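A short write-up of the structure that comes next.
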Amino acid sequence: MKKKKKVLIITVVIIAILGISGANIAIKSKKSNVTMVQTTPILREDIESRIQSTGTIFSMDKRDVISDVEEKIEKIHVQEGDKVEKEQILMELDKTDILYRIKDSKLRLSIEMEGLKQLEQEGSKEFEIQLSNAKIRYEDAKNTYERNMELYEEGIITKVEFEKSKDDMDQLYNDYLLAEDRLKNSNRDNEVTIQKQKIELARIEVEKLEKELQNYTIKSPITGTIVDTNISESGIIKSHTTLMSIQDLEHLEIILDINEYDASKIEVGDPVEITGDSFEGKVYEGEIKYVGSIAKSSEQGQSNENVVEVKVDIKNNDEFLKPGFSAKVDILTDKKVDALSVPYEAIFTKKGGEKVIFTVSEEGIVKEHTIKTGISSNFSIEVIGSIEEGSTVILNPTEEIKDGDQVIADKVM
């Protein structure tokens, strides 16, 4: 009997062990069909869309001072590092030669004006006198002819004497007509016109030289600081050569190249935070003031990309910022308060371009949601659709994930 009991007990134990092993195998088999996924909750938060880049600080207004004339320097009033106002005298050139030329041109103008005065006074008086004398002689000859006609008819004078008086009258009448014609066709008016033209040319020359005289006093074209000088040791400057460089150090801007994708998001007026290694610890405020209307090619490493020039106006400039410094900019392009957001990794784009996310219920059942995306930050993106805050969403979903699937969620915070 005892032997039979031992066999029965051993048999029950073996059956129990086999039963437990079979159950474990069944559970494992069942679990092997369930996908393990990483998940995170859908959050409601304020999202800011920002673009970071690096640019160079420049003066908004910078000018090179040049001379339009070649002349010896008479006096220099400023030096490198000086702050100057617009129209402030920087240097003066020797005016000896130009002043002599102005004096000479004024003298020639005076001579031409005197010539006109004499022409206007004389007028056509000479021709008028000639006409008057011709008329008197003709009238005297006419009276003599008429008197001789009576004397000839009375037989007092001969026919020869009578005919001579007629010829004299005819000759003097012709002289009278010639004098009248000379007066009528006098060139005196033409001479006056020509003289007036000479006066105008002389006046233009005086005005030209007086305007040129202004070039001998070199003034600052802007308000700023002299950052560089290039004046010859000989004291003689050449025309159209840079003498000084002046920059407005109180009004600075940052110029940077933004890739075409990011540039399309930037608008004039967008706020900017400015930092830099050269002014570590200080943060400056700025604003987008210019976005280029065309793109240009820029070499980046081994590849080319299209970039757009963007300019940032620095609002709170101080002495720590200098032209030539590099600056890091953080551009706020958009902002949305209280938006539903998920990490980029939660969005799955189908072949047709449709965007979806997959949520997981407490029971581990997958639900597919078609969504639209809105504003994005560096780490998350706004999602718009039939979803709720706090829902669990799958990260890095694949094509194998389907609506209604059973999964095991591994939450990632």
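The values are calculated or read from the model by the stated rules, or taken from the named source; none is laboratory data. Source: prediction; values computed, not measured. As a convention, Cβ positions derive from the backbone with ideal geometry for all residues, glycine included, and neighbour counts pool all protein chains shown. Note: accessible area is taken over every heavy atom of the protein model, side chains too, but ligands, DNA and RNA are not part of it. Shrake-Rupley method; radii C 1.70, N 1.55, O 1.52, S 1.80 Å.
Give the carbon-plus-sulfur fraction of the accessible surface of the range 166-290 in %, rounded to a whole number; probe 1.4 Å, heavy atoms of protein chains only. Numbers along the way, then the final one.
Working: 3390 of 7610 Å².
Carbon and sulfur: 45 percent of the exposed surface of the range 166-290.
Heavy atoms of the protein chains alone define the surface here; on that basis the chain has 66 Å² accessible area per residue at 1.4 Å probe size. Between the helical axis of 159-184 and the longest alpha-carbon principal axis of the chain there is an angle of about 20 degrees.
About the centre of its Cα atoms, the range 234-368 shows a dipole size close to 420 debye [charges on the beta carbon of Lys, Arg (+1) and Asp, Glu (-1) only; nearest 20 debye].
Report note on the peptides 397-408, 310-321: ranked by the mean count of other C-beta atoms within 10 Å, highest first, their order is 310-321, 397-408. What is the diffusion coefficient of the range 263-413 in µm²/s, taking the Kirkwood radius over Cα pairs and the Stokes-Einstein relation at 25 °C with a viscosity of 0.890 mPa s? Stokes-Einstein gives a translational diffusion coefficient of 128 µm²/s. Charge tally around N215: other residues with Cβ under 15 Å, Lys/Arg +1 each, Asp/Glu -1 each, net -4. Once C-alpha pairs closer than 8 Å and six or more residues apart are averaged by separation and normalised to the residue number of the range 173-319, the relative contact order reads 19 percent.
A dipole drawn for the chain from +1 and -1 charges on Cβ atoms has a positive end, and of A202, N316, Q52 the residue lying farthest that way is Q52.
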